[in-house]
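To start, the structure under review is shown below, and the notes come after it.
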Amino acid sequence: MSGKGRTIAVCGKGGVGKTVFTAIMTKLLSSRGDMKILVIDADPASGLVPTLGVKVEKTINDIRLKIIKSIKESKGGDKLEISSMLDYEILDALAEYPGLAVLSIGRPEDEGCYCRVNDLLKDAIKLLSKSFDLTLIDGEAGIEQINRRVMMDVDDLVIVSDTSVKGVNTMSTILHVAKEGNAVNYSRIGAVVNKARSEKEAKQAMDGVSIDFLGWIPEDETVREYDFSGKSLLELPDDNQSVEAVKKILENMRV
Ligand SMILES: Nc1ncnc2c1ncn2[C@@H]1O[C@H](COP(=O)(O)OP(=O)(O)O)[C@@H](O)[C@H]1O
Ligand SMILES: [Mg+2]
């Protein structure tokens, strides 16, 4: 374990396996029993919550709606009051499981609201990562949250790609955006290649991208089946090949 409050964000193109990777990390880390783990489902279009098979009653989007309502009702609202309400609401939105707490961004449906919900997400990461040994964030596909500095208080940025040129191009774009953000200092940025057939293929796919290679995950029929039937990935057997692969990646990350 490398210090209190380490925060790891997972990003990459849609469909490359961010959620599967985050879920398997969650499985491995929450069963260790020596850490307080927080997992944040930060993708509004995602499925980390069902992939883990957990239940979340209140989302960051619900908090946003509540704040809007309270501002309207109090005709302006006291800034201090809103800020203390916010801390309370964020803590109240945590779903608690053995060895694990889960927070979800929810699905903002009204227009022009992604920005605000991302601001709240940033506040939540800052507030909560202090109270957990490790925070894992399953990020939104693409570069928006990197661009908007939502991942500002993140230590490790892990960019996932499959072996496709499109996936790797998105990886390069994210890498570029992450490095040019002068307000953001990630301690580590690394790559994971998912759905590969061999380490050789995984490395070949990333040829020309200058980023630390953290490891690869095979294309795995069991993972596919679990996702197909809606079974929680927390229940994957310990000797499953993807679980073994993610274990190696965590070792490489020194988690
Ligand atoms: N290693 C893998 N082996 C087989 N199927 C996978 C693997 N990783 C992801 N998938 C499948 O690919 C799809 C997209 O994965 P997901 O983790 O939801 O991607 P993302 O979160 O990046 O959008 C899902 O249907 C999932 O079951
Ligand atoms: Mg996802």
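The values are calculated or read from the model by the stated rules, or taken from the named source; none is laboratory data. Please read all numbers here as calculations on a predicted model, not as lab measurements. With ideal geometry, Cβ positions are generated from the backbone for all residues, glycine too; neighbour counts draw on all protein chains shown.
Structure summary
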quantity	calculated
Pair list, Cβ < 8 Å and 6+ apart or interchain, from the range 35-54 residues that are closer than 17 Å to residue 140 by Cβ and assigned to a helix (DSSP H, G or I) to residues that are of a type in the set (A, V, I, L, M, F, W, C) and within 8 Å of ligand 1 (Cβ to nearest atom)	48/23; 51/20; 51/23
Residue count, the range 212-231 (criterion: more than 9 Å from ligand 1 (Cβ to nearest atom) and touching a helix residue (DSSP H, G or I) at 6+ places or on another chain (Cβ under 6 Å))	3
Residue among 81, 144 that alone is free of Cβ contacts under 8 Å to residues at least 12 places away in the same chain and either surrounded by fewer than 22 Cβ atoms within 10 Å (Cβ to Cβ) or not acidic (Asp, Glu) (or both)	81
Residue check, residue 207 more than 17 Å from the chain's Cα centre (by Cα) and either more than 30 Å from residue 55 (Cβ to Cβ) or of a type in the set (D, E, K, R) (or both)	yes
Among residues of the range 191-203, those that are surrounded by fewer than 19 Cβ atoms within 10 Å (Cβ to Cβ) and either within 16 Å of ligand 1 (Cβ to nearest atom) or in contact (Cβ under 8 Å) with a residue 24 or more places away in the chain (or both), counted	4
Count of residues meeting criterion [in a loop (DSSP other than H, G, I, E, B) and away from ligand 2 (no atom under 16 Å from the Cβ)] in the range 209-230	5
Test: residue in the range 164-184 that is within 16 Å of ligand 1 (Cβ to nearest atom), within 16 Å of the chain's Cα centre (by Cα), in a loop (DSSP other than H, G, I, E, B) and within 26 Å of residue 204 (Cβ to Cβ)	no
Count of the range 1-55 residues which are touching a Phe, Trp or Tyr at 6+ places or on another chain (Cβ under 8 Å), within 13 Å of ligand 2 (Cβ to nearest atom) and at pLDDT below 95	1
